[in-house]
Amino acid sequence: MLAIDVKHLTKQFKAQRNREGVKGALKDLFKREYNYITAVDEISFQIPKGEICGYIGENGAGKSTTIKMLTGILVPTSGEIHVNGFVPYKEREKFVRGIGVVFGQRSQLWWDIGVIESFQLLRKVYRVSEADYKKRLDELVQRLQLAELLNRPVRKLSLGQRMRCELAASLLHNPAIVFLDEPTIGLDIVVKTEIREFLKSMNQRYETTILLTTHDLQDIEALCSRVIMLDDGHIIYDGGLEELKNRWGKGKEIIFQFTSPCVLAELQQLTAGQQVSWTKENELTAKVWVPTEHANISEVLSRVVGVMPIIDIKIVETNTDDIVREIYKSGSAKGSVPQ
C-alpha cells in the first residue's frame, strides 16, 4: 500500500520583475512584468506505507515546496498527489487528521500557555477522543521525557525541550504519516540521538511512514534506508543509501596502530601493486587510502596483518557529506562511479 504517490508534480511561482531606475519604476506602476520560477519540476516518486525516506537537497532545491504541497499548504501548478489516499489541497479537513507535521523553525504550540494546554487544544482540533488522547499522551510523555515540561509555558523551554514537545504535539492523534522538516536543527548531539531513537521505535511499533527533510546527513544515516535527492527542482537520485555510498564512495581509509615503530617504506613495499597511498601519523600509527576502483581492501589487510604486529585496525568509509557534495558538483547521481 502506498502512503505517498506523486506523479509529474510541478510548482511555479509568479514573481514581479522590477525594472531599474526611475523610468523603470514608473513603467512598473502601469505595466508590470513577471518572471515564472519553477521550484519543483515534473517530479514523480512513491513511498510505501511504513517507510522512512530521506528527502534531501541544497537550499532552494525545492524540498520545502514539495512538503508544503504534500501537506496541502500549497496547490500544485500541475501533476497529481495522493497522500493517505487523499488529494491534500482538495480534501484538507479529512486529510489532516491522518498526518503529523514538524517544522524545525516554526512552532505549532502556543507561546504563552503551558505545554499541556497546547496539547489539549490540539486534541480538540484533531477531534481525538478523551480516552485515546490520554492513552497516547501518557505514552509520549514517558517516551519523550516530558513530565517536568507539561506545565511550563513554551517560551520558557530550551530548543531541545521545545522540539520534543513539538514531536509529541504532531503525534497526539496517532497519524499514519509524519512530515519532518529539519526536526533536529540547532540541537545538541544528545537530544538529536534521543529524537532519532524515538522516531525509529515509533516507526517499528506503529508502521508510521516518515518523510524527513534535513541538512544533517547524520539524521539520514541513522534513520533512512532510502534517499530522494533533489537539485534545482529535479530528482537526481532515488534509491538506497548504501547503493549511493557504493556508487559514489571513492574508497576507504584503513588506520593501523602497530606495537612497534613502523617504517613507511616497508609498508609501501608490502602493498606494492595495489595502487594505495600510505601516510604516517606518528611512530606507531599509519593510514592507507584504498581507492575502490583500483585496489582490494581485503588484499591490503591480508598483506599487512600477516607480517606486521598490530594493536588495532580501524576502517573509515567515505563520509556521506562528501559523497552528497560530489554529486551536487556533478549535477547528477546517475553517472558511473567517479574515477
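Here are the numbers for this structure:
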| item | result |
| --- | --- |
| Label-point separation, residue 110 to residue 190 (7 Å along Cα→Cβ), nm | 3.2 nm |
| Net lengthening on full extension, residue 316/residue 221 (0.36 nm per residue, minus Cα-Cα) | 32.7 nm |
| Loop GluC sites (Glu not before Pro), the range 197-303, which have at most 11 other Cβ atoms in a 10 Å radius of their Cβ (DSSP) | 283, 293 |
| C-alpha center-to-center spacing [the range 55-80, the range 203-230] in angstrom | 17 Å |
| Loop trypsin sites (Lys or Arg not before Pro), the range 57-110, which have at most 14 other Cβ atoms in a 10 Å radius of their Cβ (DSSP) | 90, 106 |
| Shape category assigned to the range 118-162 from the gyration tensor of Cα positions, a/c cut at 1.5 | oblate |
| Expected 222 nm ellipticity per residue - DSSP helices of 4 or more, -39500 (n - 2.57), all of the chain, to 500 | -10500 deg cm²/dmol |
| Residue 82 accessible area, 1.4 Å probe, all protein chains in place, Å² to nearest 10 | 80 Å² |
| Candidates per trypsin sites (Lys or Arg not before Pro) in the range 245-308, loop by DSSP, up to 16 other Cβ within 10 Å | 250 |
| Cut-off 13 Å between beta-carbons: net charge of the residues surrounding residue 193, Lys and Arg +1, Asp and Glu -1 | -2 |
| Accessible area, probe 1.4 Å, largest first, for residues 225, 201 | 225, 201 |
| Cα-based reach from residue 49 at 18 Å (exclusive), listing aspartates and glutamates while leaving out same-chain residues under 8 positions away | 5, 207, 238 |
| Mean separation of Cα contacts under 8 Å (6+ apart) over length of the chain, as relative contact order % | 18 percent |
| Straight-distance crosslink candidates among lysines, where the alpha carbon sits under 17 Å from residue 252 and sequence neighbours closer than 8 are dropped | 280, 287, 314 |
| The chain - Rg and Dmax from Cα coordinates, angstrom | 25.5, 83 |
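The values are calculated or read from the model by the stated rules, or taken from the named source; none is laboratory data. Owing to the predicted nature of the structure, the values given are computational and were not obtained by experimental measurement. Backbone-built Cβ (ideal geometry, glycine too); neighbour counts: all protein chains shown. Surface areas here come from the heavy atoms of the whole protein model, side chains and all, with no ligands, DNA or RNA. Shrake-Rupley method; radii C 1.70, N 1.55, O 1.52, S 1.80 Å.
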